[in-house]
Structure formats: structure tokens, C-alpha cells
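Single-structure report; data block below.
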């Protein structure tokens, strides 16, 4: 089982902002695979789909960014998901718009939204 988490903040004032890119990526993936991210679970909205015979969970924490780790921790613990099977998508102010950084491991770098 895999878990893909998109970080952002709830509320209209954050819609379509750089800060909510994680939510946008989850919506994009859901549209691509025909999944509904509408179940209220783990302090967020969740959906799922099957990819190559494996369940993939999509999660948009409804907590504000700095508390997203609570939502991720609940899902991780409930499904007993290994850290290596979790992908977290979020905006990082230290990275230029349009650039992507992929890290297989590392610290939260002071970003409260990815502390678990």
C-alpha cells in the first residue's frame, strides 16, 4: 500500500495559491485515475485507487499546514504504512516556482507541515 499526501490549507483564501500545490496535485492524480477524494478520514479528505494491483491512498489533510503531520500519522498508523511508501507533496519557499525536488529521505528542514 502507498500513501500520497498533498499538503495545503483549507479555505477559499488558499485556493489556487502556491501554498496549496499539494492539494492541487492530489486533485490532478484523482482526476487522472478516476478516484474520488471525498471520504472524511484521518483529519482530512481521502480517496483511493488501485495501481498495478496495489492500493494507493490519496490524502488531503484538513488541518492547517503546520498540523498536517497529525493527519499523516493517523493514516500511517492505521494502515501500518512504511515511511518508504509515503510521498508528501508540498510547496517549499526555498525552491523556485516550477522546480521540483525529490528526496527519498531527510529531515523536515524546519517545515512544520511535514513533521510527523
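Since every read-out is calculated from the coordinates, none of them should be taken as a lab result. Keep in mind it's a predicted model, so treat the numbers as computed, not measured. Methodologically, a virtual Cβ is constructed for each residue, glycine included, from the backbone with ideal geometry; neighbour enumeration extends over all protein chains shown.
Give segment 1-26 a look and list any residue that's without any contact (Cβ under 8 Å) to a residue 24 or more places away in the chain and touching a strand residue (DSSP E or B) at 6+ places or on another chain (Cβ under 8 Å), or say none. Selection gives 24 alone. Say whether the condition of being touching a strand residue (DSSP E or B) at 6+ places or on another chain (Cβ under 7 Å) and in a helix (DSSP H, G or I) is met by at least one residue in segment 46-68. Scanning segment 46-68, I find at least one residue that is touching a strand residue (DSSP E or B) at 6+ places or on another chain (Cβ under 7 Å) and in a helix (DSSP H, G or I), so the answer is yes.
Does residue 40 qualify as being within 21 Å of residue 91 (Cβ to Cβ) and either touching a strand residue (DSSP E or B) at 6+ places or on another chain (Cβ under 8 Å) or not in a helix (DSSP H, G or I) (or both)? Answer is no for this residue.
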